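One structure is given below, encoded as C-alpha cells.
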Amino acid sequence: MEVLQFNAEKRDLSTKSAKLRKEGKIPAVIYGPDVLEHFTVTHKDVKKLIFTPDFKIGEVNVGGSAHKCIVKDIQWHPVTDEIRHIDFLALKEGTKVNIEIPVRFKGVSPGVKAGGSLMQTMRRVKVKLDPKHIVDELYIDISTLELGDAVRVKDIEMPENLELMVSEAIPVATVEVPRALRSAEAAADGDAPAAEAEGGEAPAAAE
C-alpha cells in the first residue's frame with residue numbers, strides 16, 4: 001500500500017479562503033475520531049494523491065502531528081476545474097470507514113479473443129472496513145466471459161474483512177459483440193430461410 005506524505009500549514013480561520021487561493025494555497029480540513037484540523041496545502045502537495053486511478057493513502061503533517069488519511073471530498077471550481085477545498089478523513093484502526101477501491105481484471109476473456117470489446121462500467125467499488133484491512137485493489141476473473149456476457153459485483157473476489165456497500169447485481173464489465181459480427185450473424189440468419197426455400201419443392205400451382 002503506497003502512502004504519500006505531505007506537509008500542511010495550519011490555517012488561521014480568520015483568513016478568507018479567496019485570499020488563500022490567490023496565494024496558491026488550497027483550504028483543507030482533516031477530521032476523524034481524534035482529530036479536527038484546518039490547514040492549507042498546495043496543488044503540488046496533493047496532485048499525486050488526487051490525480052490517479054490508483055488507491056493511495058495520504059499522511060499529512062500538520063503542526064508536527066502526522067495523520068494517515070484518505071481524500072473524502074473535493075470541491076471544484078465549476079468553470080476552471082481548480083481545486084477549491086479538500087476534505088480528508090483521518091484513519092484510525094478500530095473505526096470502520098467507507099472507501100472506494102479500484103477493481104482490476106485477471107485472466108483473458110474468450111469473448112474478447114473472439115473479437116468482442118471489454119467494457120468496464122464500474123471502476124471502483126464502495127466497501128466498509130477497518131483501516132488495518134485496507135487493500136489498494138480488488139480483482140474479478142474474466143477468464144470465462146464470452147461474447148455478450150457480464151461480470152457483476154458479486155463476482156469480485158472479496159476478502160473476508162471487507163463489507164460491500166453496493167448491490168451485488170450491479171454489472172462491473174460486459175463483453176460487447178462488435179457491430180460487424182452482429183451484422184454477419186443477422187445476415188446469416190436472414191439467409192437461412194431463403195436457402196431452405198431454394199432447396200425445397202416448388203409451390204403447387206393454384207387450381
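The values are calculated or read from the model by the stated rules, or taken from the named source; none is laboratory data. Since the structure is predicted, the reported quantities are computational estimates derived from the model, not experimental observations. Methodologically, a virtual Cβ is constructed for each residue, glycine included, from the backbone with ideal geometry; neighbour enumeration extends over all protein chains shown.
Name, by its number, the condition in (1) at pLDDT 95 or above; (2) more than 21 Å from S17 (Cβ to Cβ) that does not hold for G64.
The one condition G64 does not meet is (1).
Scan region 40-66 for residues that are more than 27 Å from the chain's Cα centre (by Cα) and aliphatic (A, V, I, L, M) and jot them down.
Correct list: V62, A66.
Which one is modelled with the lowest pLDDT, of the residues in region 35-60 that are in contact with a strand residue (DSSP E or B) (Cβ under 7 Å, 6 or more places away or on another chain) and over 18 Å from L4 (Cα atoms)?
The extreme case among them is V35.
Please state which one of K126, K132, K72 is surrounded by fewer than 12 Cβ atoms within 10 Å (Cβ to Cβ), outside any loop (DSSP other than H, G, I, E, B) and not polar (S, T, N, Q).
K132
Can you tell me which of G58, G24, G32, G63 is free of Cβ contacts under 8 Å to residues at least 24 places away in the same chain and outside the structural domain of L129 (by TED's automatic domain parsing)?
Matching residue, one of G58, G24, G32, G63: G24.
Going through region 8-39 one residue at a time, which ones are more than 27 Å from the chain's Cα centre (by Cα) and in a strand (DSSP E or B)?
Within region 8-39, A8, E9, K10, V35, L36, E37, H38, F39 qualify.
In region 90-101, what residues are surrounded by 17 or more Cβ atoms within 10 Å (Cβ to Cβ) and part of a strand (DSSP E or B)?
Selection gives A90, V97, I99, I101.
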